[in-house]
Amino acid sequence: MSSHTNTPSASQIHDTSTMLRRIVQHIEQVIIGQRAAVDFAVITLAARGHLLIEDVPGTGKTMLARTLARTLGCSFARIQLTPDLLPADITGSAIFNPRELNFSFHPGPIHAQIILADELNRATPRTQSALLEAMEERQITVDGTTHPLPSPFMVIATQNPVEYEGTFTLPEAQLDRFSMRIRLGYPSHHDELAILHAQRHQHPIESVTAYTNATDIIALQHIVQHVYVDPAIDEYVVALGARTRQHADIALGASTRALLTLTRIAQARALLGGRGYVLPDDVQAVAVPVLAHRLILSPAARMRNDTSEQLVRDIVTQLPVTPNRSGWRG
């Protein structure tokens, strides 16, 4: 990842960057006034990651997932998570066929390319865990048999941060599988007027057509993996991770998987910006949505109502982009 081997050519950079920007433009026909969130969603897809959207109902979480799937020309499945949902309802199950006297596998909704796991925190921990293997290894195991999932494969999960009754806290292992956590928030006055006008007679998603296809997305994801990362950028990412682990207000800092994800997301952002190499700006721009949800704050920080987002911002602000004489540790 830190060498020039397989570095994309200038034409590949131009073509894939154009594709990413066009995907963003297609989604913005429906998701109005949320450019940062749309960028993050597309970057997560390009980096072969998964996205957690945490926001109140009615802000466009479901519509973002549906529009992304339509734009990509990919299959889409929505899983409405409830406390009585079982793992087999997600993964599928082996059903006995009395005519042939054998068991045949009936796939569940997880076998689509773009998955919307709606209100993930309403499912029990046992059902939530059904997504772990799928998100990490892009396969599921049912009755000892492994079934590969389609490619590309992306889980977009939502949760309501306000309602706590009848919900289950997402465990750290589950949160660590999500490349980014974002919030959409309410649109501005101007954007909300535009939404009202756009949806008065017909929803804009009805006119969204596929811009690309699964084969092109897989090729794009491959190019992202080879966007050049200078050794100095690797050092900077590791230094950011070390700061989270040494911070007095953070009980559990960023894992190695988190730093790998941070680098891959930065590569995708660089490509969206038309570059075949990562800048410190790319790392800084995605540090909060990549790292904040993975951190556990100390009791003292929680008592002060500190947020992990603010702590990550402080670390990014305080850590110099270039090392001093003692490296990034000083």
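Please treat every number below as a calculation from the coordinates, not as lab data. Since this is a predicted model, take the numbers as computed values, not measurements. Note that each Cβ is placed from the backbone with ideal geometry, even for glycine, and that neighbours are counted across all protein chains shown.
With each label modelled as a point 7 angstrom along the Cα→C-beta vector, the ARG313-ARG126 pair spans 4.2 nm. Ordered by the count of other Cβ atoms within 10 Å of each Cβ, fewest first, PHE96, PHE168 give PHE96, PHE168. Summarising the label geometry, the points placed 7 Å from Cα in the beta-carbon direction at ARG245 and ALA77 lie 3.7 nm from one another.
If neighbour count is taken as other Cβ atoms inside 10 Å, put SER308, SER207 in order from fewest to most. Could you put the intermediate results ahead of the total?
Details: SER308 20, SER207 10.
Ranking SER308, SER207 by Cβ neighbours within 10 Å, fewest first, gives SER207, SER308.
Each residue of segment 136-153 was assigned a 3J(HN,Hα) from its phi angle through the Karplus curve 6.51 cos²θ - 1.76 cosθ + 1.60 (θ = phi - 60°); the sequence is 8, 10, 6, 7, 10, 10, 10, 6, x, 10, 8, 10, x, 9, x, 10, x, 9 Hz, with glycine and proline shown as x.
When the Cα positions of VAL238, ILE296, ILE182 are compared along the charge dipole of the chain, VAL238 comes out farthest toward the positive end, with charges on each C-beta of Lys, Arg, Asp and Glu.
Rounded to the nearest 10 degrees, the angle from helix 256-272 to the longest Cα principal axis of the chain is 90 degrees.
Given +1 on the Cβ of Lys and Arg, -1 on the Cβ of Asp and Glu, and no further charges, what dipole in debye does segment 1-99 carry about its Cα centre, rounded to the nearest 20?
Value, rounded to 20: 280 debye.
Here segment 224-245 is scanned for amide nitrogen atoms under 15 Å from the site 7 Å beyond the Cα of LEU175 along Cα-to-Cβ, giving 244-245. With contacts taken as Cα pairs under 8 Å and at least 6 residues apart, the chain reaches a relative contact order of 24 percent. Calculated [222 nm] ellipticity per residue, helices only, for the chain: -13500 deg cm²/dmol; basis is -39500 (n - 2.57) per DSSP H run with n ≥ 4, divided by all residues, nearest 500.
Given R₀ = 25 Å, FRET efficiency for ASP230-LEU252 by Cβ-Cβ distance, to 0.05? Write out the running numbers ahead of the final one.
Working: r = 29 Å, r/R0 = 1.16.
Efficiency, from the Cβ-Cβ distance: 0.30.
How large is Rg/Rh for segment 3-77, to two decimals, with Cα atoms and a Kirkwood Rh? A ratio of 1.03.
Its Cα centre serving as origin, segment 211-330 has a Cβ charge dipole (Lys and Arg +1, Asp and Glu -1) of approximately 300 debye.
Fully extended, how many nm does the chain gain between THR322 and LEU86 (0.36 nm per residue separation, minus their Cα-Cα distance)? Show your work: numbers first, answer last.
Values: separation 236, 0.36 × 236 = 84.96 nm, distance 5.00 nm.
Between THR322 and LEU86, full extension yields an extra 80.0 nm.
What value does segment 227-320 have for Rg/Rh, both radii from Cα atoms and Rh as Kirkwood defines it?
On the way: Rg = 13.3 Å, Rh = 13.4 Å.
Value, to two decimals: 1.00.
For the chain, a simple Cβ point-charge model (Lys and Arg +1, Asp and Glu -1, everything else neutral) yields a dipole of about 440 debye relative to the Cα centre.
By the beta-carbon count within 10 Å of each Cβ, the least crowded to most crowded order of HIS190, HIS147, HIS50, fewest first, is HIS190, HIS147, HIS50.
In terms of the Cα gyration tensor, with a ≥ b ≥ c the square roots of its eigenvalues, is the chain rounded because a/c is under 1.5, prolate because a/b exceeds b/c, or oblate? Judged from the Cα gyration tensor, the chain comes out rounded (a/c under 1.5). Since only VAL278, ALA268, THR256 are under comparison, the one whose Cα sits farthest along the positive direction of the charge dipole of segment 227-320, derived from C-beta charges on Lys, Arg, Asp and Glu, is THR256.
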